[in-house]
Amino acid sequence: MLLAPKTPPVRLEQITWWKSVYRSTRKNTAVTQLLRKKRQLAYRSKAKTVGQRVGVGIQARSDVPAPPGLVSVVLLCCGQLEHLCLCLPSVLRGSRPPFAVLALDAASLDGTAEFLAGAQAADAPLEVVRAPADADLPDALRLVLARVQGDFLVLLNSDTVVPEGWLVQLTALAAMNPAIGMVGPMTTYGPAAQLVTPVPYRLGRTADELSPEQSGAAFWNKRIEAVNRFAAEWREQHRGQWFEAERLGGGCVLLRREALEAVGPPPAAPLAFFEAEALSQRVRQAGFHLACCRDLFVHSSGSRGFAPASLPSEGSR
């Protein structure tokens, strides 16, 4: 009769050791997940409070010029709340009515939805369309485009910071010639013809972005003002200058309504609608020209949305 070989004592010790490690790892993982979930809930709650303070405390300055007609600003939000906390206040501060902001929340999970809800609760001029999952994006984008009003539409990434009077400069260039279907600014991230680098400021990001003492209007205004000062200097140095472009990028483009209707419905991949190079090509194929407003500077971090993925990261972050 053959007997099964006994497991060597060393082997038994190894098995016992690995079992203890496995049990300890499972316990630690469960605790880590629980703590992470609690932090996420607290972060989202804090994001809503910050959104409310932004909606209440940040308003356009009285000396900011108003566009000639209603402009719809579609704000693409793909997470990265730390960028949105600067972008939305800059839009509210740097724009005068008539304008409307339509925020497309592309299934963000980092507190973006709560931040936007907080801004809405504070009566900010903002409408939010949220896609709970990637599969809902096509319907959400169609809904946003159906709600666009006015003669001009701006596609804006949430990682941008716009200066005062930006809508007036974009619409003024587009209004010069009905053949101009799409207009963009100079920027810190985009095609070579639009690129401005280096810049004399650094926005920076810290882990305390959403701390209560740093969530008021004064905190955001101070950081936005750094971009606004440089944009004002740039405007004075290049006042009235513009050029025709083959493609536009930088996370900020203005479309004439006729050009928007001419390019047709959004592609099957909804975020591809915001990809600047493809959109530029579709606008040109529709018979329109592209123009860059050389005297307008808009900060872009070039992180998400329709900035060309092949471009290197440039300028301040």
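Structure summary
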item: Cβ-placed point charges (K, R +1; D, E -1), dipole of region 220-285 about Cα centre in debye, nearest 20; result: 220 debye
item: Hydrodynamic radius (Kirkwood) for region 90-198, which is based on Cα pairs only, to one decimal in Å; result: 15.8 Å
item: Stretchable slack from Arg202 to Asp139, in nm (0.36 nm times residue separation minus alpha-carbon distance); result: 18.9 nm
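Only the coordinates and a few stated rules stand behind these numbers; no lab work does. Every value quoted in this text rests on a predicted model; they were computed, and no experiment measured them. Ideal geometry is used to build each Cβ from the backbone, glycine not excepted, and the neighbour counts take in all protein chains shown.
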